[in-house]
Amino acid sequence: MDEAPPMQPESGPLPFDPQQVRTPALVIDEGALAGAARRFAALAHGTGCHALYSLKALSLPWVLECLSRLLDGFSASSLFEARLAREHLGDRGTLQFVSPGLTPEQAPAVAELCDRVSFNSLSQWRRLGSVVAGGAACGLRINPGLSLVEDPRFDPCRPGSKLGVPVDRVPRGEAAGLGLHLHTNCESTCVGDLVRTVERLRETRPDLIEDAGWFNLGGGYLFDDAEDRHRLREAVDLLGVDGSRPVLLEPGAALVQAAGFLVTSVTDCFRTDRDVLTAILDTSVNHLPEVLEYQYRPRLAGVEPGRLKHSLAGASCLAGDLFGDYGLSTPLEPGARLTFLDAGSYSVVKSHMFNGINLPTLYSLTEAGDLLERRRFDYGDFRMRCGGPANAC
Ligand SMILES: Cc1ncc(COP(=O)(O)O)c(C=O)c1O
């Protein structure tokens, strides 16, 4: 796949013993999850914002249970997500909604479940605004027109973007009193980008800022450290809200990415015409789909770094089902365990059973250090996904 130098595994210890799980396994470290949620809540509250979690990143029930206790609410992108979110929030927290796909059939239920609904287009707002307005506060997702992501496939501000109304297309006065919703970045560690975005909006459409009833600054940032607080405060100050109008943040990956570990076993090893040892794993990039979508190599742990080049390959029939090349100290053999890091976000939610390869068994690593098996998938799940009866075994 890549002729880039092989990536070296991380040398630090894992927080659990990979031998203790049934592979493939997705382990969620509950301590890391709660730690990320607490840090994010402190960051958001310290800058006068509401801390929401976009459950599209990972929507496992026990993850939502944990996050609902530590944050102010959730953000959903479909009716199903909104239902799931409300089941976990009860009446304790705020639920935000935005989707380009909202239909007239779904709108009444969405209005009943959610506290705030942002409309993705003027057309959606004009057709469905009156249906939603009785139940939820309405907002408009805008496209501030400042591209921050190089790859247009992941750039919400790309020319002709379907995500949000280009700011120059919002008629003066039409958005008065509505919420203003923007989400323009992807896995960024640079909260300065958010400052630039709000600055751009102030230059181009100050009236939208002045007239807005509330703000949602989206997700897309791996919010974490003290520098982030400083930059976030700058962005919020530029809105001139003075605590009078709510400001929401709704990251997904920032809260769950680092808490997830994909543990896999080597099932076969052989040499090909490349000067590398190919190791077939009992997982697939379909369990970590962003490896293929973003063409990145996930960080690896649990093996010694070294000079022996290995190509780590998934078990499916797809030739490009490859995690990439890694440098290891000793040749891998069948039975060896490998662990991919940062597997918490956009993994389980995007996984599928292509080739009938089973999904990873789901585990929690509790704060007491115990590994808890939460859900094991089997042939019945596969048959159901193929259209068979739900109760087959
Ligand atoms: C509108 C909106 N908000 C929030 C998010 C969460 O983004 P992330 O997981 O990168 O923080 C997304 C992701 O696609 C989104 O589209």
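List of remarks:
- Screening the stretch 317-339 for residues that are within 11 Å of Val285 (Cα to Cα) and buried (at least 18 other Cβ atoms within 10 Å of the Cβ) and picking the one that is nearest to the chain's Cα centre (by Cα) gives Phe323.
- Scan of the stretch 5-63 for residues that are out of contact with any strand residue (DSSP E or B) (no Cβ under 7 Å at 6 or more places or on another chain) and of a type in the set (Val, Ile, Thr), ordered by number: Thr47
- Verdict on Thr283 being surrounded by 16 or more Cβ atoms within 10 Å (Cβ to Cβ), assigned by TED's automatic domain parsing to the domain that holds Pro24 and of a type in the set (Ser, Thr, Tyr): yes
- Tabulated pairs, the stretch 256-268, first within 21 Å of Ser54 (Cα to Cα), second part of a helix (DSSP H, G or I) and among the polar types (S, T, N, Q), C-beta under 8 angstrom, 6+ apart or interchain: none
- Among the residues of the stretch 213-240, those that are within 14 Å of the ligand (Cβ to nearest atom), within 23 Å of Arg116 (Cβ to Cβ) and in a loop (DSSP other than H, G, I, E, B) comprise Leu217, Gly218, Gly219, Gly220, Phe223.
The values are calculated or read from the model by the stated rules, or taken from the named source; none is laboratory data. The shown structure was predicted, so the numbers you read here are calculated from the model rather than taken from an experiment. Glycine also receives a Cβ, built like all others from the backbone with ideal geometry; neighbour counts cover every protein chain displayed.
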